[in-house]
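The values are calculated or read from the model by the stated rules, or taken from the named source; none is laboratory data. If you're wondering where the values come from, they're calculated on a predicted model, not measured in any experiment. A quick note on method: Cβ atoms are made from the backbone with ideal geometry, for glycine too, and the neighbour counts reach across all protein chains shown. We work out accessible area using only protein heavy atoms, side chains counted, and drop any ligands, DNA or RNA first. Shrake-Rupley method; radii C 1.70, N 1.55, O 1.52, S 1.80 Å.
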Amino acid sequence: YLLLSIIIAVIITALFWRITLETVDERYSNQLYEAGKLASEAMVTLEDRQLETLRLLANTEGMSAALQQYDSEKLRSLALGIVVNNQAGSVDFLDLGGNLVLGIRQKVEGSNQEYVFVKGGAPVFLDWPIVKNVLTGTTDKAGDKYAAYQATDWGNFFYVSGPIKDSSGKLVGVILVGTPLSSVVAE
């Protein structure tokens, strides 16, 4: 009877651990799946907000003319309200050569309504694929707007790029709308 009791105890213990471990593994896999799904939905929501900001800026009356004239003060006055209302982390206006005309960037420290303005600069953006695609007029199934992560001198950002066109539909520049990676991770 002792041998039979030991065999039954071993079988019950083995079954208990097998069931327990399978359940834990299954729960872990389900949690990973759900976390991935939630992260994907958050990225779609973030990109939609950035695209909304981009479209508002690109379709603001006088924006294309100010960009063509390299009038950074007019760009600033036209864009600042939209940028602050939509809490954009970074908005950059580029000419057809990929040169910065105006950058509006949220201060790293301070309130989320404090911005720094950067005028002009080297064509660092020309090497970015999301800028090249817009400047060359490349389109895909989703259209003429592109998104990518970009490490910059002013921080790590998730950017969306799109064209600025004049009233006749001619490309006059590029808008980049960025969100700091720290905000993306927090979401």
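Scan the stretch 135-150 residue by residue and report those that are outside any strand (DSSP E or B) and among the polar types (S, T, N, Q).
Taking the stretch 135-150 first, the residues outside any strand (DSSP E or B) are 135-139, 141-142, 144-145.
Answer for the stretch 135-150, where residues must be outside any strand (DSSP E or B) and among the polar types (S, T, N, Q): Thr136, Thr138, Thr139.
What helices (runs of 4 or more DSSP H) completely inside the stretch 1-85 contain at least 3 residues that are touching a Leu at 6+ places or on another chain (Cβ under 6 Å) and either within 30 Å of Leu96 (Cα to Cα) or open to solvent by less than 80 Å² (accessible area, probe 1.4 Å) (or both)?
Helices (runs of 4 or more DSSP H) meeting the threshold: 72-85.
Exactly one condition in (1) of a type outside the set (D, E, K, R); (2) open to solvent by 80 Å² or more (accessible area, probe 1.4 Å); (3) at pLDDT 85 or above; (4) within 15 Å of Ser183 (Cβ to Cβ) is false for Ser90; which is it?
The one condition Ser90 does not meet is (2).
Kindly evaluate Leu126 against the criterion of being in a helix (DSSP H, G or I) and open to solvent by less than 40 Å² (accessible area, probe 1.4 Å).
It is false that Leu126 is in a helix (DSSP H, G or I) and open to solvent by less than 40 Å² (accessible area, probe 1.4 Å).
Please work out which residue is nearest to Ser72 (Cα to Cα), limiting yourself to the stretch 94-106 and to residues that are in contact with a Ser or Thr (Cβ under 8 Å, 6 or more places away or on another chain) and either in contact (Cβ under 8 Å) with a residue 60 or more places away in the chain or outside any strand (DSSP E or B) (or both).
So, considering only residues that are in contact with a Ser or Thr (Cβ under 8 Å, 6 or more places away or on another chain) and either in contact (Cβ under 8 Å) with a residue 60 or more places away in the chain or outside any strand (DSSP E or B) (or both), the one nearest to Ser72 (Cα to Cα) is Val101.
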